[in-house]
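**Student:** Quick one: this structure, given as structure tokens, is what I'll be asking you about.
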């Protein structure tokens, strides 16, 4: 009997150990199930965050690409404007007279103006001289003509007069005036 008691104790101990094993296994399975659920939930949240972050990254990349394209277009316009400005400056530089060319052309123009001015003054002087000479000639001619006609008139007057000398001026006789 003591052996039976030991066997019963062993059996009950074995049963107790098996029950504890089952209970521990059940607890472990339950914890594993809860942990797996939490992991799946976290995996789902991580997946959602990843997808949201990926979407946001794609949107940010698209916005950045558009900003870069816009900036490149602005820079291209700026370079085109700068190139146009450089071209216009180069045109001005190539078409502009140098100081020596300007001075030579200016000197030539001043000489031509001086020559034209002297010719004009000469022509004016000649015309003034001719006009003055013509005036003098006409005045002398008019004086000669008046002298000739005056002399002829005087000769005619003297020829028509009697030979006795008479005073040329008549005497004025005063009128008597009545007293007042």
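**Student:** Only residues of region 20-48 count here: report those whose backbone N is under 12 Å from the spot 7 Å along Cα→Cβ of residue 55, or say none.
**Tutor:** 48, by backbone N distance to the label point.
**Student:** OK, next. Work out how much length residue 27 to residue 134 would gain on full extension: take 0.36 nm times their residue separation and subtract the Cα-Cα distance, in nm to one decimal. The partial results should precede the final answer.
**Tutor:** Numbers: separation 107, 0.36 × 107 = 38.52 nm, distance 14.90 nm.
Between residue 27 and residue 134, full extension yields an extra 23.6 nm.
**Student:** Full-extension gain between residue 108 and residue 152, please, as 0.36 nm times their residue separation minus the C-alpha to C-alpha distance.
**Tutor:** Computed gain between residue 108 and residue 152 is 9.4 nm.
**Student:** For residue 16 and residue 48, what is the calculated FRET efficiency with R₀ set at 35 Å and r taken between the beta-carbons, to the nearest 0.05? Write down the numbers at each step before the final one.
**Tutor:** On the way: r = 47 Å, r/R0 = 1.34.
The calculated FRET efficiency here is 0.15.
**Student:** Based on a Kirkwood Rh over C-alpha pairs, give the Stokes-Einstein translational diffusion coefficient of the chain at 4 °C and viscosity 1.567 mPa s in µm²/s.
**Tutor:** In µm²/s, the coefficient rounds to 38.
**Student:** Please give the Cα centre distance for region 36-56 versus region 103-167, rounded to the nearest Å.
**Tutor:** Distance between centres, Cα-based: 123 Å.
**Student:** Enter the angle in degrees (range 0 to 90, nearest 10) between the Cα long axis of helix 2-95 and the first principal axis of the Cα atoms of the chain, meaning the one along which they spread out most.
**Tutor:** Approximately 10 degrees, to the nearest 10.
Quick note: the coordinates plus some simple rules give every number you see, no bench work behind them. Remember, predicted model here, so these are calculated numbers, not experimental data. No Cβ is skipped: glycine too gets one built from the backbone with ideal geometry, and neighbour counts run over all protein chains shown.
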